[in-house]
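**Q** Got a structure for you, questions after.
The values are calculated or read from the model by the stated rules, or taken from the named source; none is laboratory data. For clarity, every value in this text was computed on a predicted model and none was experimentally measured. When we count neighbours, we look across all protein chains shown, and the Cβ atoms used for this are built from the backbone with ideal geometry, even at glycine. Surface areas here come from the heavy atoms of the whole protein model, side chains and all, with no ligands, DNA or RNA. Shrake-Rupley method; radii C 1.70, N 1.55, O 1.52, S 1.80 Å.
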Amino acid sequence: MPVKGVLLDLDGTIYEGGRAVDGAAEAIERLWAAGIELRFTTNTTRRPVRALVEQLSTMGIAARSSDVLTAPRAASRWLVSEGLFRVYPLLLEETWEDLSGLKLIDADADAVLVGDLADRWDRTRLDRALQLLLDGARLVAVQKNRYGCGPDGIEIDAGAFVAALEYSAGVDSVVVGKPNPEFFRAALEDIQLEAGEVVAVGDDLRTDVRGAQAAGVRGILVRTGKYRPADEFDRGIEPDAILDSVNEIPTWLGVP
Ligand SMILES: [Mg+2]
């Protein structure tokens, strides 16, 4: 089946450490020129879509807001579809603008939504979340990454706080960002294409490649960002292709 759509991870795939990967903007231009539908799919929970669009623009990539699917955006769609409208957010306020259709409250919550609070995690908020969970709120995680890469090196990520809340409340979380296949299905719905017509590209073997494959989407690993050579010898996950960088995607797809 010919490829009609590409889901592109951002951090580590389109840019690294705030700089565009060589040739990324040209590659995206070629894909758009060939009529391929693109979605920028990211688990980032620290910045709103608006800021990501601005960053892409400084890199010469003219993405529109509707071209970007962040985990908070996917989370709000999922919560609305489940009828969980009253939400206690453990997410940076900067990203609340992407939580459409929800009522953000700190009492009588249907769900506790956990993303990343960066350096604003505190005991008061975690205790509030725990109380709401013990009262029956669902625990919904935007992502469950163990650690990420910050300006000062490896840093603890939201997954550790999700695990803490699971442990204390005795509940399991629902993870709505990558690698949940639901996230990829939301992206497919967005671009109105079938799984077999789409490929996903990313630097994270588990989050990007395995997540996409679980939704029936071919997963391409790129050797940028958090890629490590050992990823190519993981027996559990076999990418549909491994390319040096996103700039090889158009040629791999046979796009002029
Ligand atoms: Mg990435």
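**Q** For segment 178-252, which whole-number percentage of the solvent-accessible area (1.4 Å probe, protein heavy atoms only) is attributable to carbon and sulfur atoms?
**A** Values: 1530 of 3430 Å².
After summing per-atom areas, the C and S share lands at 45 percent.
**Q** Return the Rg/Rh value of segment 118-197, two decimal places, where both radii are evaluated on C-alpha atoms and Rh is the Kirkwood radius.
**A** Numbers: Rg = 15.6 Å, Rh = 14.5 Å.
Dividing the radius of gyration by the Kirkwood radius yields 1.08.
**Q** Next question. Tell me, what are the semi-axes, in whole angstrom and largest first, of the equivalent ellipsoid of segment 193-256 as set by the roots of 5 times the Cα gyration tensor eigenvalues?
**A** Details: eigenvalues 65, 49, 14 Å².
Working from the Cα gyration tensor, I get semi-axes of 18, 16, 8 Å.
**Q** With only alpha-carbon pairs counted, each pair once and no self-pairs, how large is the Kirkwood hydrodynamic radius of segment 1-122 in angstroms? Could the numbers behind the result be given before it?
**A** Working: mean 1/r = 0.0637 Å⁻¹.
Taking the inverse mean of 1/r over all distinct Cα pairs, segment 1-122 comes out at 15.7 Å.
**Q** While we're looking at this one, here's another question. For all pairs of alpha-carbon atoms in segment 147-249, what percent lies in each bin of width 5 Å, listed from the first bin to the last filled one?
**A** Computed distribution, short to long bins: 3, 12, 19, 18, 19, 16, 10, 4, 1, 0.
**Q** With a cut-off of 8 Å between alpha carbons and a minimum separation of six or more residues, what is the relative contact order of segment 17-94 in percent? Walk me through the numbers before you get to the answer.
**A** Working: 55 pairs, mean separation 26.1, N = 78.
Reported relative contact order: 33 percent.
**Q** Say the dipole of segment 106-256 comes from +1 at the beta carbon of Lys and Arg and -1 at that of Asp and Glu; which of 132, 147, 199 then lies farthest toward its positive end?
**A** Positive-most Cα among the choices belongs to 147.
**Q** Leaving ligands, DNA and RNA out of it, work out the accessible area of residue 93 with a 1.4 Å probe and give it in Å² to the nearest 10.
**A** Around 120 Å² of this residue is reachable by solvent.
**Q** Would you mind pulling out the separation of the Cα centroids of segment 122-163 and segment 84-107, in Å?
**A** Their Cα centres are 15 Å away from one another.
**Q** Let me ask another. Translational diffusion coefficient, Stokes-Einstein: compute it for segment 54-185 using the Kirkwood radius over C-alpha pairs as Rh, at 10 °C and 1.306 mPa s, and state it as an integer in µm² s⁻¹. Mind dumping the intermediate values first?
**A** Values: Rh = 15.4 Å.
The diffusion coefficient I find is 103 µm²/s.
**Q** Once you treat every alpha carbon in the chain as an equal point and sum by Debye, what is log10 I(q)/I(0) at q = 0.07, 0.12, 0.15 Å⁻¹?
**A** Debye output, listed in q order: -0.23, -0.68, -1.05.
**Q** List the trypsin sites (Lys or Arg not before Pro) within segment 165-238 that fall in a DSSP loop (any state other than H, G, I, E or B) and whose Cβ has at most 12 other Cβ atoms within 10 Å.
**A** 235
**Q** Another one. Using modelled amide H (1.01 Å from N, peptide plane; none on Pro or chain starts), what sits under 5 Å from the amide H of residue 40, excluding residues fewer than 5 places away?
**A** Hits under the 5 Å cutoff: 8, 68, 69.
**Q** Still on this model: What does the C-alpha gyration tensor say about the overall shape of segment 96-141? Classify as rounded when a/c is under 1.5, otherwise prolate if a/b is larger than b/c, or oblate. Intermediate values should be presented prior to the final figure.
**A** Numbers: a/c = 1.83, a/b = 1.02, b/c = 1.79.
Oblate.
**Q** Quick one: what are the phi-derived ³J(HN,Hα) couplings along segment 207-224, Karplus 6.51/-1.76/1.60 with θ = phi - 60°, whole Hz, x for glycine and proline?
**A** Values, residue by residue: 5, 8, 6, 5, x, 5, 4, 5, 9, x, 9, 5, x, 10, 8, 10, 8, 10 Hz.
**Q** Based on DSSP H runs of at least 4 residues, each adding -39500 (n - 2.57), what is the mean residue ellipticity at 222 nm of the chain after dividing by all its residues, to the nearest 500 deg cm²/dmol? Don't jump to the answer; show the numbers that get you there.
**A** Working: 8 runs with 74 residues, N = 256.
Rounded to the nearest 500, the figure is -8000 deg cm²/dmol.
**Q** Okay, next question. Send over a whole-number figure in Å² for the accessible area per residue of the chain, probe 1.4 Å. The partial results should precede the final answer.
**A** Numbers: 12010 Å² over 256 residues.
Per-residue value: 47 Å².
**Q** Suppose every Lys and Arg Cβ carries +1 and every Asp and Glu Cβ carries -1, with no other charges. What dipole size does the chain come out with about its Cα centre, to the nearest 20 debye?
**A** The calculation lands at about 260 debye.
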